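The values are calculated or read from the model by the stated rules, or taken from the named source; none is laboratory data. These figures come from a predicted structure and were not determined experimentally. A quick note on method: Cβ atoms are made from the backbone with ideal geometry, for glycine too, and the neighbour counts reach across all protein chains shown.
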Amino acid sequence: LKVNGNSALITTLASKSALTGGPETDALLTINRPDGLFYMVFIAPASEFKDLEDVYNSIVQSVRFK
């Protein structure tokens, strides 16, 4: 995966929501930058995560580094 020309990794995690107690999916995006690690975490109820993937992808593609 490339984000603004930078190699990126996405790690998908599953956990129990601290808010609802139900299952949630977390996607951790990491990008190694010269000045340190850049990361974003996307969290949604497991049953809704697929419905939000396009939104998350739009957010990721909007990332710009100077």
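Determine whether Leu19 is outside any loop (DSSP other than H, G, I, E, B) and of a type outside the set (D, E, K, R). It is false that Leu19 is outside any loop (DSSP other than H, G, I, E, B) and of a type outside the set (D, E, K, R). Only one residue in Leu13, Leu52 is under 14 Å from the mean Cα position of the chain (by Cα), part of a strand (DSSP E or B) and either surrounded by 13 or more Cβ atoms within 10 Å (Cβ to Cβ) or at pLDDT 95 or above (or both), so which one is that? Criteria check complete, one pass: Leu13.
Would you mind finding the one in Ile31, Ile43 that is under 9 Å from the mean Cα position of the chain (by Cα) and surrounded by 14 or more Cβ atoms within 10 Å (Cβ to Cβ)?
Ile43 is the lone residue from the list that is under 9 Å from the mean Cα position of the chain (by Cα) and surrounded by 14 or more Cβ atoms within 10 Å (Cβ to Cβ).
The set of residues in the stretch 26-48 that are in contact with a strand residue (DSSP E or B) (Cβ under 9 Å, 6 or more places away or on another chain) and more than 17 Å from Leu1 (Cβ to Cβ) comprises Ile43, Ala44, Pro45, Ala46, Ser47, Glu48.
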